[in-house]
Amino acid sequence: MKKYKKALVFTALTYVISFLFIYSFILGGGQWGTLFATAVAIVYMAIPMIVSIFLLKIVYKEPLRKSLGISFRWNRWFVVAWFLPIILVFLTLGVSMLIPGIVITPGMEEMFAKYEGLIPPDQLELLKEQIASLPIHVFWFGILQGLVAGITVNAVAAFGEEAGWRGFLQREFADLGFWQSSLVIGIIWGFWHAPLILQGHNYPEHPVAGVFMMVVFTVLLSPLISYVRLKARSVIAAAIMHGTINGTVALAVIMVSGGTDLLVGVTGLAGLVALGFMNIVLWIYDRKFAKEPIQVKAC
């Protein structure tokens, strides 16, 4: 365990600060789903980065850019990072259609039904009119919007997490090998979401079960982002992929009718199956087709 001391210190500090931060929000009467809660979530995402910078610069006196893998040298893996989330959305929709009771509704009737009672009728009608006035279906508009956000504002926000997970931790766990380190990081990353999930984030209908669903989700997503980070030789690529996922995740549910938050969507069962399939493809690609296999390669 001694050789993983830095990783353990980072994880402990990140968890303590993160959990206390959300506890303070709740203790202060904060309500999830509000504009202020959104700001809280953005700050929460920055905590792994803050802890990484503190440990590297103040405690361990190590170079920041090299230690975290910060590089803006563009290569084709940045493009892969940018578009993989779109593939995930389509695969998730495809799996959703195989689940009994789930249907695709291009008119988004169920989405509008959920808004009834949450926003005034006149605003709901205005929303429908705005969507109807778009030159293309809102789904395709959402893809374009998600891609733009994913490589800009969302990437900046996601870097707050990725500096910790695919920056600090990926280096510290490198000697475990690719798949093992991805598993460990995925578990740490998943349970770190627990305070948010319990407040209703991602799984508002099933917050307790959602904590464990999120862990499975991050464990399955971790190898994909880790692979991109290693191939691109940059944690920035990981931030782009993470940011684009955040920007497109809603597209897997806006046209879906039926099911619950545990079944549909990228973070539901449909998404987990899609991620499982993508991991199988990754394993085959790395084993059979990659010029430089990375399965047991250190960072």
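The values are calculated or read from the model by the stated rules, or taken from the named source; none is laboratory data. Source: prediction; values computed, not measured. Heads up, the Cβs are rebuilt from the backbone with ideal geometry, glycines too, and the neighbour counts pull from every protein chain shown. The protein model used for the area step is the full one, side chains on, heavy atoms only, and it has no ligands, DNA or RNA in it. Shrake-Rupley method; radii C 1.70, N 1.55, O 1.52, S 1.80 Å.
Observations on the model:
- Under 5 Å from the amide H of residue 256 lie the amide H atoms of 105, each residue being 5 or more positions distant or on a separate chain, with H modelled from the backbone and absent for Pro and chain starts.
- Helix axis angle, 207-232 relative to the chain longest principal axis, alpha carbon, degrees: 60 degrees
- Within the range 19-65, the trypsin sites (Lys or Arg not before Pro) that combine a DSSP coil assignment with at most 11 other C-beta atoms in a 10 angstrom radius are 61.
- Within the chain, longest stretch free of exposed chymotrypsin sites (Phe, Trp or Tyr not before Pro) [DSSP loop, at most 12 other beta carbons within 10 Å]: 75-299
- Estimated FRET transfer efficiency (residue 187, residue 75; beta-carbon r; R0 30 Å; 0.05): 0.55
- Nearby aspartates and glutamates by direct alpha-carbon distance to residue 114 (threshold 18 angstrom, same-chain neighbours under 8 apart not counted): 122, 125, 129, 205, 261
- Cross-link partners of residue 128 among aspartates and glutamates (Cα-Cα below 17 Å; sequence separation of 8 or more within a chain): 109, 110, 116
- Cross-link reach list, lysines versus residue 2, counting only Cα pairs under 23 Å and skipping chain neighbours closer than eight places: 57, 61, 66, 297
- Folded to 0 to 90 degrees: helix 35-53 orientation relative to the chain principal axis, Cα: 10 degrees
- C-alpha long axis of helix 5-27 to longest principal axis of the chain, angle in °: 30 degrees
- Percent carbon-and-sulfur accessible area, the range 53-211, ignoring ligands, DNA and RNA, probe 1.4 Å: 69 percent
- Applying a DSSP loop filter and a limit of 12 other Cβ atoms within 10 Å to the trypsin sites (Lys or Arg not before Pro) in the range 202-299 leaves 291, 297.
- Residues of the chain: accessible area per residue with a 1.4 Å probe, Å²: 49 Å²
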